[in-house]
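Heads up: the structure comes next, in structure tokens.
Just so you know, all these numbers are worked out from the coordinates, no wet-lab data involved. Fair warning: this is a prediction, and the values are worked out from it, not measured in the lab. All Cβ positions, even for glycine, are placed from backbone atoms using ideal geometry, and neighbour counts span all protein chains on display.
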Amino acid sequence: MKLAVIKQRRLWWIISSLVIMLGLIAAVISWQQFGAPLKPGLDFAGGTRLQLTRSCALVNGCSGDIDLAQVRQVLSDQGLGSSSLQILDPKLQILSIRTRPLSAQERTQLQGALDTEIGPFDSNSVQIDSVGPVIGRQLLSSGLLALLVSFAGIVIYLSLRFRLDYAIFAIIALFHDVLVTSGVFSILGLVAGVEVDSLFIVALLTIVGFSVNDTVVIYDRVRENIKLSPKTHINDIVDDAVNQTLTRSINTSLTTTLPLLAIVAFGGQTLKYFALALIIGFVAGAYSSIFIASSLLALWRERNGQMYGNTDEADLAAMANQEIESTR
């Protein structure tokens, strides 16, 4: 069965537009709530994060779950009422608190108050992370700069290996992947309180590299088919190129996604969302390479009178006359 990419290209564009639009709406709402399009983690926002595990949960001796309202009251008594709270694992009763930067004395006082009112907490499983606001801003700016540099490098490489239009549509496909992944995490930030940190930037860079590789394979086949069949319409060439590389694209995406699903299911809290970002990005990358980058290239060539390969003006005129005659 041959996949008709060009014939149904409006459908592929509508699907992508709806997904991206939902992500942008979530980003606007997130900006109003958190001051950023995605809920920033400790790496970017700065502050202190405490992760505490109730010791009674380790021996199945807790009489009830952690009451967040009670935790909030303890924090308010300490002058930390604006802190962010989250139950990471209801079964193990792991409490995560993110607040402003705290000194060692303030952390000790807070832990003591929580241990008295909410605990007891296991002292051996306490995790404390602190990042200053200046360092957080530097991490964010460095991550975004790395992303922009990667885009620029890809444009230069594809322009040299192929042509500029190939590079432009590959970058559009990469923006598609980044927007889809960011949009999903913006929604998760609103619904489930998922935060993004420096690992999310690493995930985006990995997605960019994976996706452009998939696009290059399809474009390379398009270029080969143009040389082999210079008088074939660009729509047919792109359809053939996509179908010829479809099995490879599916197998590559599947083999990289399966281990990531295992990490999401059995990995730790940090790697869980890193792997989830990669899964979303890899799926979006395969989709954009097959349906977005290829169909945009075909549309561009068709609109600019380059619907056929290496033919001269006489050949193009003859083909155009043949098409006009066939429609009569």
* **Stretchable slack from THR247 to PHE175, in nm (0.36 nm times residue separation minus alpha-carbon distance)** => 23.5 nm
* **Modelled label reach - LYS91, point 7 Å along Cα→Cβ, segment 251-265 residues with backbone N closer than 14 Å** => 265
* **Rounded if a/c under 1.5, otherwise prolate or oblate - the chain, Cα gyration tensor axes** => prolate
* **Student exercise, the chain dipole from Lys, Arg, Asp, Glu Cβ charges, in Debye to nearest 20** => 260
* Roughly how compact is segment 47-131, stated as its Cα Rg over 2.2 N^0.38 Å to two decimals? -> 1.00
* Asked: Taking square-rooted eigenvalues a ≥ b ≥ c of the alpha carbon gyration tensor, is segment 122-270 rounded, prolate or oblate, where a/c under 1.5 means rounded and, failing that, a/b exceeding b/c means prolate?
  -> prolate
* To do: Fewest Cβ neighbours within 10 Å first, please rank GLU302, GLU117, GLU195 accordingly.
  => GLU117, GLU302, GLU195
* Asked: How would you rank MET307, MET21, going from fewest to most other Cβ atoms within 10 Å of each one's own Cβ?
  -> MET21, MET307
* To do: Subtract the Cα-Cα distance of ARG107 and LEU144 from 0.36 nm times their separation in residues, and report this length gain in nm to one decimal.
  => 10.1 nm
* Modelled label reach - VAL264, point 7 Å along Cα→Cβ, segment 174-193 residues with backbone N closer than 18 Å -> 177-193
* To do: Check every DSSP H run in the chain and write down those whose alpha carbon atoms cover 27 angstrom or more along the long axis and whose mean Kyte-Doolittle hydropathy is 0.5 or greater.
  => 9-34, 133-161, 164-192, 198-228, 234-266, 269-287
* Asked: Which residue, VAL149, VAL196, VAL178, has the most motion in a Gaussian network model of the chain that connects Cα atoms within less than 10 Å?
  -> VAL149
* segment 218-276 and segment 92-115: distance between their alpha carbon centers, rounded to Å -> 46
* Take every DSSP beta bridge whose two residues both sit in the chain, then give the antiparallel share in percent to the nearest 5. => 95
